[in-house]
Amino acid sequence: MADLKIPAGRGAIVLGLHQNLAQFMLLVAVNALVGGTLGQERTVLPLLASDVFHLDKYTSALTYILAFGLAKAATNYFAGTLSDRFGRKPVLVAGWLIALPVPLLLIFGTSWSWIVAANVILGMSQGLTWSTTVVMKMDLVGPNRRGLAMGFNEAAGYLGVAGTALFTGYLAGSYGLRPAPFLLGAAYIALGLGLSLLAVKETHHHAKSEAANHVDAHSSAGAALSTREIFTLTSFRDRSLSSVSQAGLVNNLNDGLAWGLFPVLFAGAGLSIERIGILAAVYPAVWGAVQLLTGAASDRLGRKWLIAGGMFVQAVGLAVVAAGRGFEIWLLAAVLLGVGTAMVYPTLLAAIGDVAHPQWRARSVGIYRLWRDGGFAVGALLSGLLADAYGIPVAIFVVAGLTAASGLVVAVRMRGTDHPA
């Protein structure tokens, strides 16, 4: 399909990656900073819970992930509606403004409630910033390169997570758990806010232009739907959208477990903070880099089997973590988990864009991300309870089984396509 050119007043709006490359790459950079604000916590917070605040229950220690997941999931839901009503850029800027207190709370917090509060705020910020960069890239590229666009978006975000997790592990090992790792997060927030205010341009008009030439995926996916109808379609009624929503939830369920319990498992086995930082970084680094391939591959091969296969690969990686012992085997497991997640993550977002009408695509993305990031909360609660009752390896094995079952749901229920559209 050629790039779409639709008249818009005195000029023309052009949909396509090449024609919008400068803004697209700017948004890639912004999302790397969004990922970095999350990455500042991946290595350090589980160790703060045990070493500074002396939390002896996994369920209690994982409350920050529960708080983050609930806040981010709820904000995702509203991000789409707000960006449709007020435009994309104001929502992006608001997300960065909300993040400003987070590093201060993490550095100066005198009780665990401060850390939980910081993660409520961080979840709200991530819900607005990450959701909006997703939607803006979809707006710019149009229908033809959606998988590639999502691959770039998620690669940037999770390479930001990985690089920051690795560097904060080094900072924590060299200078202590506070304040050095969180000063990096403060710098990311300042730079992200500046770029979003001064350089990012509004993209809502691109979505409106695409809507003029859009062909509905099926009779239930037309333009004239209420928010309630979009919610039920995305969550339950549409076979593809609902399959994507449950897979996203389970994906982040296992990521919440990895975030909260892996560093504790590795520390209990005697690994140094630097080695824990490497393991915490490898998983999102592989996840981020491989998405550059899997996102584009889904444009050619279709979405269904990349998603189902990725869930099965994740399940294997989790099982290896639970059964293994030692840095080398856990490094292999982190690579497997990263590859499996890379197969799934950009493909899920692209699959939403395949079905959702441009008029309500932002809201459908927000609803999907409500379910997906609700997985953080479910994962924190479930894995914490299981780890307290039966130990960390049992918790990981249970989540591995749920991940495999989710892949089976996709294989059975999701519509297959020779070419996603």
Restricting to segment 36-88, name every residue that is open to solvent by 40 Å² or more (accessible area, probe 1.4 Å), basic (Lys, Arg) and over 19 Å from GLY260 (Cβ atoms).
ARG85
LEU279 - would you say it is open to solvent by less than 30 Å² (accessible area, probe 1.4 Å) and either free of Cβ contacts under 8 Å to residues at least 60 places away in the same chain or of a type in the set (Lys, Arg) (or both)?
yes
Scan segment 38-51 and tell me whether some residue there is touching a residue at least 12 places away in the same chain (Cβ under 8 Å), of a type outside the set (Ser, Thr, Tyr) and farther than 22 Å from GLY379 by Cα.
yes
Only one of these is open to solvent by 10 Å² or more (accessible area, probe 1.4 Å), under 22 Å from LEU97 (Cα atoms) and either in contact (Cβ under 8 Å) with a residue 60 or more places away in the chain or out of contact with any Leu (no Cβ under 7 Å at 6 or more places or on another chain) (or both): LEU191, LEU166. Name it.
LEU191
Take ALA155 and decide whether it is buried (at least 24 other Cβ atoms within 10 Å of the Cβ), of a type in the set (Gly, Ala, Ser), closer than 30 Å to THR203 by Cα and out of contact with any strand residue (DSSP E or B) (no Cβ under 9 Å at 6 or more places or on another chain).
yes
Would you tally the residues in segment 108-133 being open to solvent by less than 10 Å² (accessible area, probe 1.4 Å) and either at pLDDT below 90 or of a type outside the set (Val, Ile, Thr) (or both)?
10
Filtering segment 227-260 for residues that are free of Cβ contacts under 8 Å to residues at least 40 places away in the same chain and either open to solvent by less than 10 Å² (accessible area, probe 1.4 Å) or within 16 Å of VAL355 (Cα to Cα) (or both) leaves a count of 4
Criterion: among the aliphatic types (A, V, I, L, M), out of contact with any strand residue (DSSP E or B) (no Cβ under 9 Å at 6 or more places or on another chain), over 25 Å from GLY142 (Cβ atoms) and open to solvent by 40 Å² or more (accessible area, probe 1.4 Å) - qualifying residue of ALA315, ALA323, ALA319
ALA323
Selection status of ASN144, in contact with a Leu (Cβ under 9 Å, 6 or more places away or on another chain) and surrounded by fewer than 24 Cβ atoms within 10 Å (Cβ to Cβ)
yes
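The values are calculated or read from the model by the stated rules, or taken from the named source; none is laboratory data. Worth saying up front: this structure is predicted, and the values here are computed from it rather than measured. Ideal geometry is used to build each Cβ from the backbone, glycine not excepted, and the neighbour counts take in all protein chains shown. Accessible surface areas use protein heavy atoms only, side chains included; no ligands, DNA or RNA. Shrake-Rupley method; radii C 1.70, N 1.55, O 1.52, S 1.80 Å.
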